[in-house]
Amino acid sequence: MSTSDRKHWNRREFTAATIAAGMAGQAGAVPAAVKTSERPAAARRVRTGVIGCGSVSNAYLPVLTQSPFVEVVSLCDIRHERARKQSEKFRIAHHYPSIEAMLAGEPFEFLVDLTDMQEHEKVNRRALEAGKHVWSEKPIANSLAAGQALLRLAAENRLRIWGAPITPLSPQFAFMASAIQRGTLGRIAAAHADYGHEGPNWSSFFYEKGGGSMPDLAVYNLTSLTGILGPVRTVTAMLSIVTPHRDIQEKGRIEVTEEDNAMLLLDHGNGVISHVQSGFNYFNPHGHVGKEEQRHTISIVGSRGYMGLIGYDWEPQGVDLATHDRPRLERHVTDANGYVWQQGAALAAESLVTDRELLITPEHALHVLEIITAARASSSNGTHVKLQSTFRWPLVGP
């Protein structure tokens, strides 16, 4: 079945219901894209293998193993002991020390890739070549060309590939995107987004080639802002390394080779400019998770209004809105209604069963990847960099 033949689940059913309450000026709960009570009963469970049993698996596996659309049949990690421990904890029968052993072992159809970001491209390609659908943590590849090759490989083999993050699936995102489409803020002029913390010390891959604050942190804001404001035409950036050495558990002191401080200017066309900053040197009194964060981590301003997202976009807590007609900031969509950032792979499995499309697409993930690579080129050369890729937009209607 072609993409054009599939039912666009979130575009029609989710967005219309989500926006109705908020745009009428009513704060509070709104229906979410993943509301369990609205899901059909699972016709089947997708046999799933998870590769990468480090810290992120502790967030993914509880959601996957509780999904009525997923049967986790095997785990894999190059540190085999980690896969064994998670298999015992979550009662998963099979565990393997390599992707080759996993692919030759217990049959499955859907691979969830939670490996280090430098490994995603290789693992995703190997899975597609073996005939598996793929959900990948961010980014899906390490370059635009490699990402395009993955999408071609998936299409040629009639397979699906998706990539984190899933920020466009939150009800807060839907509220903001629809407000833009309705013209609530008037002519959009500018937007700002930021995400950072003091940097992890449990692995060195964040600071090595293929890592950096952009693919780990800025990727969330880039996904949100492009989803709300549209694809980017040109990128201008300045990147730096603030802390040249880091002390890493199990490795000791390492040299930082990738940016731990990033500033990006994005031209979305039609006069709209946005700014994204990310870094591993950002003190936050609320720590890395930031559950008590109350400031606007994303703000958008237009000729007739202002809108600010409360909390981080991967776990938003609400949206503040003020307009010419109602100039006092009012808070909306304070209920997540079932949205959690860890559920992307489970939703992808549900899509495989039901043929209902998600708002998140590999083309959007690829566009964000190109922004990151363009930012590096811009910073290195001191130039504006034009982008080649795009994606279907707008994600939601008015």
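Annotations
- Phi-based couplings in Hz for region 376-382 (Karplus 6.51, -1.76, 1.60; Gly and Pro marked x): 5, 5, 4, 5, 6, 9, x
- Pairs of Lys in the chain closer than 26 Å at Cα, counting only those 8 or more apart or on different chains: 21
- Pairwise FRET efficiency - Ser380 versus Gln294, Cβ, R0 = 22 Å, nearest 0.05: 0.05
- For region 309-331 versus region 231-267, the spacing of their alpha-carbon centroids is 29 Å.
- Sites listed here are trypsin sites (Lys or Arg not before Pro) in region 191-293 whose DSSP assignment is loop and whose Cβ has at most 13 other Cβ atoms within 10 Å: Lys209, Lys251, Lys291.
- Once the Cα-Cα distance is subtracted from the 0.36 nm per residue extended length, the Asn337 to Gln249 segment shows a gain of 28.0 nm.
- Per-residue [θ]222 nm for the chain (sum of -39500 (n - 2.57) over DSSP H runs n ≥ 4, rounded to 500): -8500 deg cm²/dmol
- Cβ-derived FRET efficiency at R0 30 Å, Ala59 paired with Thr257, nearest 0.05: 0.65
- Percentage, to the nearest whole number, of Cα pairs in the chain over 38 Å apart: 16
- Taking every alpha-carbon pair under 8 Å whose residues sit at least 6 apart, the chain reaches a relative contact order of 21 percent.
- log10 of Debye I(q)/I(0), alpha-carbon scatterers only, for region 296-389 at 0.12 Å⁻¹: -0.66
- Restriction of the GluC sites (Glu not before Pro) in region 36-145 to DSSP coil positions whose beta-carbon has at most 16 other beta-carbons within 10 angstrom yields Glu109.
- Cleavage-rule hits (trypsin sites (Lys or Arg not before Pro)) in region 127-172: DSSP loop, at most 11 neighbouring Cβ within 10 angstrom: Arg158
- A full extension of the chain between Ala93 and Thr354 corresponds to an added length of 91.3 nm, given 0.36 nm per residue minus the alpha carbon distance.
- Bridge type composition, the chain - antiparallel percent by DSSP, nearest 5: 60
- Ala145-Gln118 FRET efficiency (beta carbon distance; Förster radius 25 Å; 0.05 resolution): 0.95
Each value in this text was obtained by applying a stated rule to the coordinates, not by laboratory testing. All values reported here derive from a predicted model rather than from experimental measurement. Neighbour counts are summed over all protein chains in view; Cβ atoms, including those assigned to glycine, are modelled from backbone coordinates with ideal geometry.
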